[in-house]
Amino acid sequence: PAAATPDSPAAATPAAAAAPAPRDAAPVADAPAADAVDPAAEEAAYQAALDALVERFEAADSARLFQAFIRDYPSSALVPNAWYWLGESYYVTQNYELALEAFQTLLGQYAGSRKEADALLKLGYCQVALGQRAEGEASLRDVMSRHPGTDAAAKAESRLRTLALENR
């Protein structure tokens with residue numbers, strides 16, 4: 001899935017809205033900005049997508065809702081989290097290719113996000129599941145070195161131990 005970028009149609013401002021007002025037009029004081037977002041609607045859309053996954057265990061519905069959230073609210077502070085949960089919705093249905101893409105998007109576009117450690121962990125899990133064992137092990141080691149002391153690092157260490165035992 002492609003992320004909405006400032007150059008994408010999802011983020012484009014309609015030409016009419018971008019054109020300057022005629023000089024004799026009276027300013028409209030109550031007109032919302034062209035990119036104004038209703039914070040309550042934004043939060044509700046994010047929560048609906050998260051609830052579909054976490055509360056109702058409807059991964060396909062959750063994926064659709066997170067895709068819509070990312071498209072509809074490309075400037076939201078919740079977009080990195082939405083990319084993580086989109087990846088998670090694919091991961092739980094074993095659609096590792098799409099999960100991998102979502103986690104890579106989060107890691108590539110939102111470095112430093114609070115979901116970074118978890119996304120890197122799941123990236124490693126996906127790589128292993130897809131038969132990319134060396135890359136997966138490298139990603140798991142990366143979790144441990146970049147995010148020491150976190151729950152994600154402990155899970156990465158545990159998974160690496162399991163992989164080592166499988167090699168015996």
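The values are calculated or read from the model by the stated rules, or taken from the named source; none is laboratory data. Since the model is a prediction, treat every value here as computed from it, not as a measurement. Note that we place each Cβ from the backbone using ideal geometry, even for glycine, and neighbour counts take in every protein chain shown. All accessible areas refer to the heavy atoms of the entire protein, side chains included, with ligands and DNA or RNA removed. Shrake-Rupley method; radii C 1.70, N 1.55, O 1.52, S 1.80 Å.
The table below lists the values:
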read-out	value
Failed item in (1) touching a Phe, Trp or Tyr at 6+ places or on another chain (Cβ under 7 Å); (2) among the aliphatic types (A, V, I, L, M); (3) free of Cβ contacts under 8 Å to residues at least 40 places away in the same chain; (4) open to solvent by less than 10 Å² (accessible area, probe 1.4 Å), with Leu78 passing the rest	(4)
Meets criteria (at pLDDT below 95 and open to solvent by 40 Å² or more (accessible area, probe 1.4 Å)) for Ala34	yes
Segment 104-139: number of residues that are open to solvent by less than 50 Å² (accessible area, probe 1.4 Å) and either part of a loop (DSSP other than H, G, I, E, B) or of a type in the set (Phe, Trp, Tyr) (or both)	3
Counted residues, segment 90-103 - those being touching a Pro at 6+ places or on another chain (Cβ under 9 Å) and either free of Cβ contacts under 8 Å to residues at least 60 places away in the same chain or surrounded by fewer than 21 Cβ atoms within 10 Å (Cβ to Cβ) (or both)	2
Meets criteria (assigned to a helix (DSSP H, G or I) and open to solvent by 70 Å² or more (accessible area, probe 1.4 Å)) for Arg64	yes
Some residue of segment 54-75 being in contact with a His (Cβ under 7 Å, 6 or more places away or on another chain), within 28 Å of Ala156 (Cβ to Cβ), of a type in the set (Gly, Ala, Ser) and modelled with pLDDT of 95 or more	no
Filter result for Lys155 (open to solvent by 60 Å² or more (accessible area, probe 1.4 Å) and either under 27 Å from Pro74 (Cβ atoms) or in a helix (DSSP H, G or I) (or both))	yes
